[in-house]
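Beneath this line is the structure, given in structure tokens, with notes to follow.
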Amino acid sequence: MKPSIPQGTRDFGPEVVKKRNYIFRTIQAVFELYGFAPLETPALENLDTLMGKYGDEGDKLIFKILNNGLNDPKNIQKAQLAFANVTEGKNDKNLTERALRYDLTIPFARYVAMNIGQLTLPFKRFQMQPVWRADRPQKGRYREFYQCDADIVGSKSLLNEVELVNIYSTVFQQLGIDVSIRINSRKILTALAEVCGGLEKLTDITVAIDKLDKIGIQKVKEELLSKNLSESQIAIIEQYLQISGNNQTQLACLTQLLGNSEIGQKGIEEINFILNFHQNNSALTVDFTLARGLNYYTGVIFEVKANDVQMGSIGGGGRYDDLTGLFGVPNIPGVGISFGVDRIYDVMEERALFPTTISIGTEVLFFNLGDAECKTAYHLMQLLRNKGISCEIYHENTKFDKQFKYAEKKSIPYVVMIGSKEIAEGTCIIKHLPTSTQVTLPQAEMTNYAFQ
RNA sequence: GAGGGUAUAGCUCAGUAGGUUAGAGCGACAGUUUGUGGCACUGUAGGUCGUGGGUUCGAGACCCAUUACUCUCCCCA
């Protein structure tokens with residue numbers, strides 16, 4: 001049998017894991033710096049928990065897990081009936097009642113709803129775990145990928161949004177990725193829908209205008225036309241989409257267009273509040289075409305894209321006013337952001353942004369030059385390890401050539417050579433491979449040598 | 001869910017209008033070199049050309065099917 005892994009999943013080799021961990025470490029350190037506490041939830045959730053939370057398209061992409069014991073005689077009939085239901089597009093508990101986590105936000109909401117009595121609000125948590133989507137894989141899109149989320153629940157304050165923007169800026173600055181953080185408010189989009197065709201058109205409108213930079217104004221208009229919007233309504237949307245200029249100019253134009261709408265005004269105020277805190281943040285730009293697919297957002301929404309790289313968004317998030325209401329605990333507002341680690345990795349790889357230092361593993365290789373020599377070397381090596389220096393000893397007594405090549409291949413900068421001559425003298429040779437220089441030291445002084 | 005592309009050695013790929021024993025570079029291994037690697041030279045190993053069928057005197061190449069991978073659209077991190 002030819003070994004393989006499922007489509008859209010990946011193995012991560014040692015070098016890749018080191019680089020990924022660098023990203024995780026960076027993000028986690030910033031999360032902690034801003035006062036977020038860690039949380040982990042199961043890979044599996046009850047299907048009920050997830051269904052209906054991500055929109056119709058989202059529901060289709062949830063990986064469902066087949067129940068066990070379907071072949072048990074007492075289950076067979078139920079299973080067959082259930083299967084018929086499923087082929088009609090419905091879910092049936094007799095066939096599947098668990099699913100793989102689709103994102104980290106809904107499981108978090110579920111956790112908050114279950115533990116609301118124990119939590120001190122506002123509750124700030126971060127979570128870095130894989131999620132699964134039954135999507136067709138392509139560039140920058142995987143079926144298993146990691147998200148790093150930070151959310152705050154139990155606070156309506158826009159200060160939270162301000163903080164989240166700061167987290168985005170800090171992380172991407174530390175990683176060296178040049179990004180633009182786009183910001184909009186669902187309230188503004190709602191106001192637009194109120195003016196053009198009513199709230200039931202909100203999704204159609206947002207989906208269409210979200211594609212503007214991809215398909216152009218003409219195609220967007222065609223799509224809106226096909227969704228039964230009138231010419232005059234489309235004209236307003238076109239005006240809306242043509243808003244341009246710097247952040248202040250755009251807001252001024254928008255106020256003219258939607259300022260009469262109460263909810264529109266609120267949206268504009270929100271954006272203004274955040275911009276005021278970030279006057280010197282050139283990465284932050286308002287973008288009224290930003291919509292975001294997940295339909296639980298109700299307020300400010302974010303999306304982060306790497307500049308000058310052909311890649312979908314590498315982060316996103318927004319405010320949701322009543323996510324826990326879905327689980328029976330109403331009136332807990334929340335806001336959060338997410339980092340797409342896998343795409344961030346791809347961007348950093350493409351841009352060669354990983355520091356070279358993160359790939360260093362073993363620092364010192366001890367040569368194996370015979371039984372007695374090996375024993376001496378081994379004890380010296382343990383002394384070095386006790387000082388926190390990572391060491392290896394070559395696994396067998398073979399010629400220098402091989403041992404050098406091993407060190408070179410693993411990018412081990414130092415080798416320590418102890419042969420019969422050194423044993424007799426009580427010395428050792430430390431050689432630095434990159435510079436091809438070496439020193440001979442008494443063995444007792446080796447642990448004081450400045451390996452670096 | 002819809003539509004493209006690719007599949008030849010461990011890796012990256014050649015392979016010309018179908019014609020004899022399927023090639024290169026890199027890598028691996030061995031030697032030149034039994035206490036000093038990277039360089040160089042020499043040599044060795046490694047492929048039922050994704051799988052199954054068909055056309056043909058003859059198929060890596062052409063046709064059909066199938067599988068895997070990859071990209072685009074929808075949607076999304």
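Scanning region A:1-15 for residues that are touching a residue at least 60 places away in the same chain (Cβ under 8 Å) and either of a type in the set (A, V, I, L, M) or away from RNA strand B (no atom under 14 Å from the Cβ) (or both) yields A:PRO14, A:GLU15.
Considering A:ASP92, A:ASP135, the condition of being in a loop (DSSP other than H, G, I, E, B), in the same structural domain as A:GLU163 (by TED's automatic domain parsing) and charged (D, E, K, R) is satisfied by A:ASP135 alone. The residues on offer are A:ASN331, A:ASN397, and the sole one that is surrounded by fewer than 18 Cβ atoms within 10 Å (Cβ to Cβ) and near RNA strand B (Cβ under 10 Å from one of its atoms) is A:ASN397. Among the candidates A:THR357, A:THR398, A:THR362, the residue that is without any contact (Cβ under 8 Å) to a residue 40 or more places away in the chain and either under 20 Å from A:LYS18 (Cβ atoms) or in the same structural domain as A:LEU175 (by TED's automatic domain parsing) (or both) is uniquely A:THR357. Residue check: is A:GLU408 charged (D, E, K, R), within 8 Å of RNA strand B (Cβ to nearest atom), under 43 Å from the mean Cα position of the chain (by Cα) and in a helix (DSSP H, G or I)? When the stated conditions are applied, A:GLU408 passes them.
Quick grid of which residues meet (1) in contact with a Leu (Cβ under 8 Å, 6 or more places away or on another chain); (2) under 30 Å from A:GLN256 (Cα atoms); (3) crowded, with 18+ Cβ neighbours inside 10 Å:
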position	(1), (2), (3)
A:GLN129	yes, no, no
A:GLU163	no, yes, yes
A:VAL171	no, no, yes
A:ILE177	yes, no, yes
A:LYS187	no, yes, yes
A:CYS196	yes, yes, yes
A:ASP204	yes, yes, no
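Put simply, of A:ARG25, A:ARG10 the only residue that is modelled with pLDDT of 95 or more and either outside any loop (DSSP other than H, G, I, E, B) or of a type outside the set (A, V, I, L, M, F, W, C) (or both) is A:ARG25. Filtering region A:28-47 to residues that are assigned to a helix (DSSP H, G or I) and either closer than 27 Å to A:LYS124 by Cβ or of a type in the set (S, T, N, Q) (or both) leaves A:GLN28, A:ALA29, A:VAL30, A:PHE31, A:GLU32, A:LEU33.
Is it the case that A:LEU384 is in a strand (DSSP E or B), surrounded by 20 or more Cβ atoms within 10 Å (Cβ to Cβ), outside the structural domain of A:ASP308 (by TED's automatic domain parsing) and more than 9 Å from RNA strand B (Cβ to nearest atom)? The answer is no for A:LEU384. What about A:ALA377, is it surrounded by 14 or more Cβ atoms within 10 Å (Cβ to Cβ), within 18 Å of A:THR435 (Cβ to Cβ) and of a type in the set (Gly, Ala, Ser)? When the stated conditions are applied, A:ALA377 does not pass them.
The values are calculated or read from the model by the stated rules, or taken from the named source; none is laboratory data. Please read these numbers as outputs of a predicted model, since none were measured by experiment. Cβ: placed from backbone, ideal geometry, glycine included. Neighbour counts: every protein chain shown.
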